[in-house]
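Below is one structure, written out as structure tokens; the observations come after it.
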Amino acid sequence: SFKDRGSSLEITKALEFGKRKVALASTGNMGASVAAYAAYGGLECTVFVPDIVGKEKLSQMKAYGAKTVMVEGDYALAMKRAEEFVVSDPDSFLTGDYPWRSEGTKTVGFEIADQLYWRVPDHVVVPVGNGTLIWSIFEAFKELSLVGITESIPKIIGVQVENCDPVVHACENDLGEIIPVKDPRTVATAIACGDPIDGLAALKA
């Protein structure tokens, strides 16, 4: 459901800006989420998917009326194709792990604090693909603390798979940069983002 928090805001912004189409790159879950909200908003949806995406996830996107474009390569290449599509089509709006999505995803952190009656947990464990979720949760707790609603920020623990761990690698080796993993292959396809768009933000979180 955390994908839907960002998707709902992105589709709202696409409608606000008068767009008729949305496009994105996805390993599956975000594509299904954006496709659902796009259908509800009456927008065309095109999803660029890397070749590791399973047919079940493709079926879910198509069920909402999305057009899927298979990209021979990894998520980073699919993201490049989505960006090129939007640049070439002024009626389209780029969705995915970009600032509007992060603002919607912050509500994960807000809800954690709300459900704990504004107490902050010691730790929050987060899967890391593009890094948007972990960064958004960190930002949410930082903002709650800044305005005095909560008194501290939890320790944020990011988790990646061994075959696709550029953020973990940077963290464990005290690097100030993210070294991309080329064409990652893992059964954890939802977080197979070898060159995470919010990798540095995830590292900071």
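The values are calculated or read from the model by the stated rules, or taken from the named source; none is laboratory data. Please read these numbers as outputs of a predicted model, since none were measured by experiment. Because the Cβ atoms are built from the backbone with ideal geometry, glycine has one as well, and the counts that use them run over all protein chains shown. All accessible areas refer to the heavy atoms of the entire protein, side chains included, with ligands and DNA or RNA removed. Shrake-Rupley method; radii C 1.70, N 1.55, O 1.52, S 1.80 Å.
Which of the residues spanning the range 21-34 are farther than 18 Å from Glu83 by Cβ and modelled with pLDDT of 95 or more?
Ala32, Ser33
I'm trying to understand the selection: among the residues of the range 113-130, which are out of contact with any Pro (no Cβ under 7 Å at 6 or more places or on another chain) and either open to solvent by 20 Å² or more (accessible area, probe 1.4 Å) or more than 23 Å from Pro180 (Cα to Cα) (or both)?
Listed by number, the residues that qualify are Ala113, Asp114, Gln115, Leu116, Tyr117, Trp118, Arg119, Val125, Pro127.
From the list Val22, Val34, which residue is under 17 Å from the mean Cα position of the chain (by Cα), in a strand (DSSP E or B), buried (at least 23 other Cβ atoms within 10 Å of the Cβ) and not aromatic (Phe, Trp, Tyr)?
Only one candidate passes the filter, namely Val22.
Could you check the range 162-181 and list, in sequence order, the residues that are aliphatic (A, V, I, L, M) and in contact with an Asp or Glu (Cβ under 8 Å, 6 or more places away or on another chain)?
Within the range 162-181, Ala170, Ile178, Val181 qualify.
One residue is enough: does the range 186-195 have a residue meeting the conditions modelled with pLDDT of 95 or more and either among the hydrophobic types (A, V, I, L, M, F, W, C) or on the phi > 0 side of the Ramachandran plot (or both)?
The answer is no; no qualifying residue exists.
How about the range 77-87: which of its residues are open to solvent by less than 60 Å² (accessible area, probe 1.4 Å) and among the aliphatic types (A, V, I, L, M)?
Leu77, Ala78, Met79, Ala82, Val86
Among the residues that make up the range 116-127, is at least one of them at pLDDT 95 or above, among the aromatic types (Phe, Trp, Tyr) and within 19 Å of the chain's Cα centre (by Cα)?
No, the range 116-127 contains no residue that is at pLDDT 95 or above, among the aromatic types (Phe, Trp, Tyr) and within 19 Å of the chain's Cα centre (by Cα).
If we keep just the residues of the range 39-75 that are buried (at least 17 other Cβ atoms within 10 Å of the Cβ), over 17 Å from the mean Cα position of the chain (by Cα) and hydroxyl-bearing (Ser, Thr, Tyr), which is farthest from Gly199 (Cα to Cα)?
Filtering the range 39-75 for residues that are buried (at least 17 other Cβ atoms within 10 Å of the Cβ), over 17 Å from the mean Cα position of the chain (by Cα) and hydroxyl-bearing (Ser, Thr, Tyr), the one farthest from Gly199 (Cα to Cα) comes out as Tyr64.
Taking the range 137-172 as the search range and keeping residues that are part of a loop (DSSP other than H, G, I, E, B) and among the polar types (S, T, N, Q), which one is farthest from Thr107 (Cα to Cα)?
Selected residue: Asn163.
Considering each residue of the range 131-161, count those that are open to solvent by 20 Å² or more (accessible area, probe 1.4 Å) and touching an Asp or Glu at 6+ places or on another chain (Cβ under 8 Å), and give that number.
3
Residue-wise test of (1) among the β-branched types (Val, Ile, Thr); (2) free of Cβ contacts under 8 Å to residues at least 60 places away in the same chain.
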| site | (1), (2) |
| --- | --- |
| Arg5 | no, no |
| Ile11 | yes, no |
| Val22 | yes, no |
| Gly42 | no, yes |
| Phe48 | no, yes |
| Ala76 | no, no |
| Phe85 | no, no |
| Asp89 | no, no |
| Thr95 | yes, no |
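Residues in the range 88-106 that are buried (at least 19 other Cβ atoms within 10 Å of the Cβ) and more than 11 Å from the chain's Cα centre (by Cα): how many?
Summing the residues that are buried (at least 19 other Cβ atoms within 10 Å of the Cβ) and more than 11 Å from the chain's Cα centre (by Cα) in the range 88-106 gives 4.
Which of the residues that make up the range 173-205 are outside any loop (DSSP other than H, G, I, E, B), open to solvent by 30 Å² or more (accessible area, probe 1.4 Å) and β-branched (Val, Ile, Thr)?
Answer for the range 173-205, where residues must be outside any loop (DSSP other than H, G, I, E, B), open to solvent by 30 Å² or more (accessible area, probe 1.4 Å) and β-branched (Val, Ile, Thr): just Ile191.
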